[in-house]
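The values are calculated or read from the model by the stated rules, or taken from the named source; none is laboratory data. All of these numbers come straight from a predicted model, not from anything done at the bench. When we count neighbours, we look across all protein chains shown, and the Cβ atoms used for this are built from the backbone with ideal geometry, even at glycine. When the accessible area is computed, the model is the full protein with side chains, heavy atoms only, and any ligands, DNA or RNA have been set aside. Shrake-Rupley method; radii C 1.70, N 1.55, O 1.52, S 1.80 Å.
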Amino acid sequence: MKNKKTLRLVLGDQLNGNHSWFKTVDDSITYVMMEVRTETDYAKHHIQKVVGFFTAMRSFVAELQSKKHKVIYIHLNDENNLQSFEKNLDALLSQENFSRFEYQLPDEYRLDILLKNYCAQLKIPYSVHDTEHFFSTREELGNFFEGKKMFLMESFYRAMRKKHNVLMDGDKPKTGQWNYDGDNRKKLPKDHKATTPLVFNNDVTEAFDQIQKANVKTIGSIDAKYFVWPINRTQSLALLDFFVAECLPLFGSYQDAMTPNEWSLYHSRISFSMNVKMISPKEVIDRAVQEWENRKDEIEYNQLEGFVRQIIGWREYMRGIYWLKMPEFATLNFFNHTEKLPDWFWTGKTKMNCLKDAITQSLEYAYAHHIQRLMITGNFALLAGVHPDEVDAWYLGIYIDAIEWVEITNTRGMSQFADGGIVGTKPYVSSASYIDKMSHYCGSCYYKKALKTGDKSCPFNSLYWNFYDKQEDKLAKNPRIGMMYNVWRKMKPEDKSSLLEQADYYLKNINEL
């Protein structure tokens, strides 16, 4: 009897060599991976993001082939590339007489629907498999919070810690305290020199040239001979080792700190490696815990807990919210914001130091850490009344680690409060005082942090009060910000008018700021 043949699709963010699919070599199974225009073009991506994905995919295929797996790889510019998953799959299934089709659960709603619809019209059997990557299932968060109005991350974080026995003594957290967030908000000392980040000198000219030849529209810059991001599992593990050895001892303390010309500080920068599954969240946490256990005299517990919370807490929580609330989540616009992003979000050419630094860094490295994203670029976009669609498109495009399941819940949810409080309990907005408290941006800025109105007043100051004034009907009853409304109501009428006039002037001249 003729051997039945199976075709298995592997997506570009499913580069998990430890998946059970690859445990044995079977000649009746062929894997297919493809670079297609539907993926390069659904958003305007950073050139480093497209290059990073393609190069990591190609490395992964080479690894599978070296282990004697049968793999079909469709390059972006191949003559037979029909530039979509469905068309390429149709061609392969008919040409090669496959009798079965299999795929792993996609992490994006868009691809989930696409593959479900594709399989619904197939004439051959198919099956869907878990990616074997996350700590929780798609449905777990929804089941956990069933019947609840609030989806508190802290509750889910504790449940995940218990379930997976992470930093636990029986049913109790190690040290008796669950969360050390209060210890993780220090500003860097003035002349502090952070650890020099580990970067890779990957030559990615081949992928870069092909992307250019295909005329894919991208943003940002790249040095294709010295690509700094990990492109395989070995490099990803090296970056993880570097983080736990060199950065973890100060990660927690300075995880919210910002300073000019320091793009990495003590952050792990492993989100790209994790999000394409070259390394798993479990091995990341295990490695960090092991380092702490070996060096308890050098690594305080709050440094470790802050890192573990990012991964088993926030990362799993955001994914759970995504699968619970999509596709409606992608349309939410609680404040009915309508403005466009300022032009300088694409160039970094603004006189505001904090925004210039965060945006220039994003264009140069396809990376910014979470406080730059939340309290600099996100904060400004919210204060400026930018439409959440605009904000989503920018974040999804510019960051190498941005895949919709993690991007949209952070931007539309936590950063823009467009979900009306599903993810965050209050809008994350601030005036210059918070930025100055956490960074070294303000001292040398064109604008003056202490001025609320007038020629060189920091735009964050007047825009902050303008935002609260405009949104009073939606926010006044929020218990976490009632104090701000008390301050606003006690202000002299002439001071209020000056602030609102200043904000109006800045908003009308936003591209000149």
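Comparing Phe227, Met484, Ala368 along the charge dipole axis of the chain, the residue lying farthest to the positive side is Met484, per the Cβ-charge model.
D by Stokes-Einstein for the range 182-260, Kirkwood Rh over Cα pairs, 20 °C, 1.002 mPa s: 139 µm²/s.
Taking one quarter of the surface of the convex hull spanned by the alpha-carbon atoms of the range 329-445 gives a direction-averaged projected area of 6.7 nm². Under 17 Å of direct C-alpha separation, and excluding same-chain neighbours fewer than eight residues apart, Lys492 reaches these aspartates and glutamates: Asp469, Glu501.
Summing +1 for each Lys or Arg and -1 for each Asp or Glu among the other residues whose beta-carbon sits under 11 angstrom from that of Leu198 gives -1. Taking the Cα centre of the range 156-300 as origin and assigning +1 to Lys and Arg Cβ atoms and -1 to Asp and Glu Cβ atoms, the resulting dipole is close to 520 debye. Per-residue 3J(HN,Hα) values for the range 337-345, derived from phi via the Karplus relation 6.51 cos²θ - 1.76 cosθ + 1.60 with θ = phi - 60°, read 6, 9, 6, 8, 5, x, 4, 6, 5 Hz in sequence order (x marks Gly and Pro). Relative contact order, whole percent, for the range 124-234 stands at 19, derived from Cα pairs under 8 Å and 6 or more residues apart. Per-residue SASA remark: Glu146, around 140 Å² accessible (1.4 Å probe; ligands, DNA and RNA not included).
Taking every protein chain into account, the 1.4 Å probe leaves Tyr301 with about 20 Å² of accessible area, to the nearest ten. For trypsin sites (Lys or Arg not before Pro), the sites in the range 218-315 that DSSP calls loop and that have at most 13 other Cβ atoms within 10 Å are Lys225, Arg295, Lys296.
How long are the three semi-axes of the equivalent ellipsoid of the range 32-143, in whole Å, if each is the root of 5 times an eigenvalue of the C-alpha gyration tensor, listed from largest down?
22, 20, 16
If you take all other residues with their beta carbon under 10 Å from the beta carbon of Ala432, and give Lys and Arg +1 and Asp and Glu -1, the sum is +3.
Computed over neighbours whose Cβ is under 12 Å from that of Thr40, the net charge equals +1, Lys and Arg +1, Asp and Glu -1. D by Stokes-Einstein for the range 384-504, Kirkwood Rh over Cα pairs, 10 °C, 1.306 mPa s: 100 µm²/s. Convex hull volume per residue, computed on the Cα atoms of the range 227-295, equals 94 Å³. Measuring how big the range 123-273 is from its alpha-carbon positions, Rg and Dmax come out at 20.9, 66 Å. In this structure the amide hydrogen of Leu451, modeled in the peptide plane, comes within under 5 Å of the amide hydrogens of Cys458, none closer than 5 places in sequence on its chain.
Only helical runs count toward this figure. For the chain, summing -39,500 (n - 2.57) over DSSP H runs of n ≥ 4 and dividing by all residues gives -11500 deg cm²/dmol at 222 nm. Model label points for Tyr428 and Thr38, set 7 angstrom from Cα along the Cα-to-Cβ axis, are 3.3 nm apart.
Using Cβ point charges alone (K and R +1, D and E -1), the dipole size of the chain about the Cα centre works out to roughly 760 debye. By a 1.4 Å probe calculation restricted to protein chains, Asp357 has an accessible surface near 30 Å², given to the nearest 10.
Using all pairs of distinct alpha-carbon atoms, the Kirkwood hydrodynamic radius of the chain works out to 24.5 angstrom. Accessible area ranking (1.4 Å probe, heavy atoms, ligands and nucleic acids excluded), largest first, for Asp169, Asp78, Asp112: Asp169, Asp78, Asp112. Ordering Arg138, Arg412, Arg480, Arg110 by accessible surface, largest first, gives Arg480, Arg110, Arg138, Arg412; the 1.4 Å probe counts only protein heavy atoms, with every chain in place. Structure note, pairs Lys325/Lys351; Lys190/Lys351; Lys452/Lys508; Lys193/Lys456; Lys116/Lys163; Lys186/Lys225: Cα-Cα distances above 27 angstrom occur for Lys325/Lys351; Lys193/Lys456; Lys116/Lys163; Lys186/Lys225.
At a probe radius of 1.4 angstrom, the accessible area of the chain per residue rounds to 43 square angstrom. Find the lysine pairs in the range 1-82 meeting two conditions, Cα atoms under 30 Å apart and a separation of 8 or more places or different chains, and report how many there are. Lysine pair count for the range 1-82: 19.
A straight Cα-to-Cα reach below 12 Å connects Lys277 with the aspartates and glutamates Asp13, Asp107, Glu132, Asp401, residues fewer than 8 places away in its own chain not being considered. Ligands, DNA and RNA left out, the accessible area of the range 361-513 computed with a 1.4 Å probe is 52% carbon and sulfur.
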